[in-house]
Amino acid sequence: MPSKHVLIVPSILSADFTRLGDELSAVEGAGADMIHVDVMDGHFVPNLTMGPFIVEAVRRVTDLPIDAHLMVTNPEAVVPSFIDAGADYVVFHAEACEDAGGLIDDIRRMGARPGLAVNPPNEAEMIEGHLARIDLALIMTVNPGFAGQEFMPEVMPKLSRVAELKREAGLGLLIEVDGGIGPGNVATVVANGGEAVVAASAVFGGGDAAAGVRALRAAIATAAAAN
Ligand code: DX5
Ligand code: ZN
């Protein structure tokens with residue numbers, strides 16, 4: 001049976017911003033499937049990064065879907081500006097929102113695909129009740145805030161649990177995994193149910209983003225061939 005296509009999702013957090021357009025064409029040319037934009041507000045996480053204008057700029061130079069990962073408190077206040085900027089998936093943290101169900105519905109009503117993220121210390125139960133209504137579940141394998149942190153293998157049982165819930169209920173959502181992923185551990189992520197893998201350092205950290213994407217793809221293919 002042919003194995004399912006795993007989506008490679010470069011996070012521009014580690015891109016060279018003086019040449020963002022070139023970085024994006026490199027990853028697109030190497031077969032990346034989606035672009036991940038890490039939005040940090042300095043409150044929900046101790047780092048401050050990008051706003052909707054970056055999504056707008058990315059939108060102008062690629063046709064790949066854009067996945068806006070909102071690591072912000074009060075995500076409901078900023079969701080519309082990311083949708084207007086051209087984000088396809090808008091992903092917020094279950095930890096940051098009291099009425100996740102309401103925001104999921106709002107995102108869909110505004111014309112984007114809703115996603116829900118969960119941090120390493122929190123269990124699958126935190127998002128379980130929403131799986132049928134979201135298009136993407138984002139399982140964090142680092143505590144969000146910075147690129148280049150170490151992958152947390154202890155999150156794998158939660159990833160498998162979400163994959164199992166998806167299978168049991170026959171749901172269509174995409175299971176995305178984010179944090180510390182590289183050629184050395186991407187096979188573990190896929191084996192545990194990851195369908196889309198986010199990578200910042202592994203793609204952009206070495207200075208050759210196309211090679212970064214290809215190395216991830218090769219590691220996935222090697223693992224698939226061995227099974
Ligand atoms: C973590 C961000 C991740 C991060 C990944 O706070 O949500 O998307 O940029 O970076 P790497 O791949 O370097 O762990
Ligand atoms: Zn992210």
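The values are calculated or read from the model by the stated rules, or taken from the named source; none is laboratory data. Because the structure is predicted, anything quoted here is derived from the model rather than measured. Don't worry about glycine lacking a Cβ; one is built from the backbone with ideal geometry, like all the others, and counts go over all protein chains shown.
A few remarks follow.
- Residue tally, condition surrounded by 17 or more Cβ atoms within 10 Å (Cβ to Cβ) and not in a loop (DSSP other than H, G, I, E, B), over region 189-213: 14
- A single member of Ala200, Ala211 is in contact with a Gly (Cβ under 8 Å, 6 or more places away or on another chain), modelled with pLDDT of 95 or more and within 16 Å of ligand 1 (Cβ to nearest atom), and it is Ala200.
- Candidate set from region 96-126 (those that are within 16 Å of ligand 1 (Cβ to nearest atom) and within 16 Å of the chain's Cα centre (by Cα)); member that is surrounded by the most Cβ atoms within 10 Å (Cβ to Cβ): Gly115
- Boolean, Gly148 is within 14 Å of ligand 2 (Cβ to nearest atom), under 20 Å from Ala15 (Cβ atoms), at pLDDT 95 or above and exposed (fewer than 15 other Cβ atoms within 10 Å of the Cβ): yes
- Restricting region 63-107 to residues that are among the charged types (D, E, K, R) and more than 22 Å from Gly31 (Cβ to Cβ), the residue that is modelled with the lowest pLDDT: Glu98
- Test: residue in region 43-54 that is over 30 Å from Ala191 (Cβ atoms) and among the β-branched types (Val, Ile, Thr): yes
- Asp178 being surrounded by 20 or more Cβ atoms within 10 Å (Cβ to Cβ) and either over 14 Å from Met140 (Cα atoms) or not aromatic (Phe, Trp, Tyr) (or both): yes
- Among the residues making up region 88-106, those that are more than 16 Å from ligand 2 (Cβ to nearest atom) and either of a type in the set (Gly, Ala, Ser) or out of contact with any Phe, Trp or Tyr (no Cβ under 8 Å at 6 or more places or on another chain) (or both) are Cys97, Glu98, Asp99, Ala100, Gly101, Gly102, Ile104, Asp105, Asp106.
- Test: residue in region 98-115 that is in contact (Cβ under 8 Å) with a residue 40 or more places away in the chain and not in a helix (DSSP H, G or I): yes
- Selection status of Ile139, at pLDDT 95 or above, more than 16 Å from ligand 1 (Cβ to nearest atom), under 27 Å from Pro80 (Cα atoms) and not aromatic (Phe, Trp, Tyr): no
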